[in-house]
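The values are calculated or read from the model by the stated rules, or taken from the named source; none is laboratory data. Just so it is clear, the structure is predicted and the values come from calculations on it, not from any experiment. A quick note on method: Cβ atoms are made from the backbone with ideal geometry, for glycine too, and the neighbour counts reach across all protein chains shown.
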Amino acid sequence: MALKKVLTIAGSDTSAGAGMQADLKTFQEHDTYGMVALTAVVTMDPQTWSHDVTPLPLDLLDKQLNTAISIGPDAIKTGMLGSEEIIKRARQTYDEADAEIFVVDPVMVCKGEDEVLNPGNTDAMIKELLPKATVVTPNLFEAGQLSGLGKLTSIDDMKKAAEKIHELGAQYVVIKGGKALESDKAYDLYYDGQKHVLLSTDKFQSSYNHGAGCTFAAATTANLANGESPEDAIIHAKAFVASAIKNGWKMNDFVGPVDHGASNRIEKIEVYTEEV
Ligand code: ADP
């Protein structure tokens, strides 16, 4: 059977733990055919590791998107888009391509930096992307912004935010408690419009987890493309990223990426589910 074609619209992380590099590695680990339309190139200062985001010209993005649409992706994932213009392009790409699956990772800050890339982007994501999203995968901060509820600190807060984000049009919402929620386990909350399901794994080391968010959303996209139900796709993506984090490694004094291949090469991690 032909491989499913999965397109990511995302930035390049030259350190290759996150961004389109994480997406492509994860797509490959899931036996899908990964494709990329690049929005920007992120480079790091070797002395301080401060990030520099260089956007690609819009006409170059358009050419990539046209090429990708012509190939006919089965699923589309968005990562770092960076501007309202690009957010609109991502939406148009989904509308024009005949893809059934649209996974939105609502990246708002370039990981490792605290600054929101551009507040207008949040409104554009709400208007353009959420109404079409099969699954949206905000972390705690992003869920607070999308829902308008601000700082989220508990599972109850996550439930309220998930309901708001679902009302904005996303079919399935998974809020990553992950590293930001103070807890002994790594919790994520999944909401399908009817039930809330709390997913958990052990919490592993958190020094070398660069790229975890991208990897989780990419795995969810690939699982959906391969025909899994949204709930299974998310649970299996969590297991995949938990193994990647457990086996994360030190790259230099500043950063350590997850091991995108750990779930297939080293060990499987169990995910616990509970309706809450
Ligand atoms: P983001 O990078 O978007 O902020 P997170 O790193 O918080 O996202 O979460 C990505 C995925 O990794 C989620 O499923 C989250 O629960 C999981 N995760 C994050 N940190 C850990 C950890 N220390 N141990 C196990 N799982 C984790």
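Filtered by the rule that a residue be touching a His at 6+ places or on another chain (Cβ under 6 Å) and away from the ligand (no atom under 11 Å from the Cβ), region 229-255 gives a lone residue, VAL255. Contact annotation: residue pairs with Cβ atoms under 6 Å, 6 or more positions apart or on different chains, pairing a residue in region 205-219 that is modelled with pLDDT under 95 with a partner that is of a type outside the set (S, T, N, Q) and near the ligand (Cβ under 7 Å from one of its atoms), are SER206/LYS179.
Given the conditions (1) within 16 Å of the ligand (Cβ to nearest atom); (2) in contact with a Ser or Thr (Cβ under 8 Å, 6 or more places away or on another chain); (3) of a type in the set (S, T, N, Q), which single one is not true for ASN118? With respect to (1) within 16 Å of the ligand (Cβ to nearest atom); (2) in contact with a Ser or Thr (Cβ under 8 Å, 6 or more places away or on another chain); (3) of a type in the set (S, T, N, Q), ASN118 is out only on (1). When ASP157 is tested against (1) surrounded by 15 or more Cβ atoms within 10 Å (Cβ to Cβ); (2) more than 10 Å from the ligand (Cβ to nearest atom); (3) farther than 20 Å from LYS77 by Cβ; (4) in contact (Cβ under 8 Å) with a residue 24 or more places away in the chain, only condition (4) is not met.
Can we say ASP59 is free of Cβ contacts under 8 Å to residues at least 24 places away in the same chain and not in a strand (DSSP E or B)? So ASP59 fits the description; yes.
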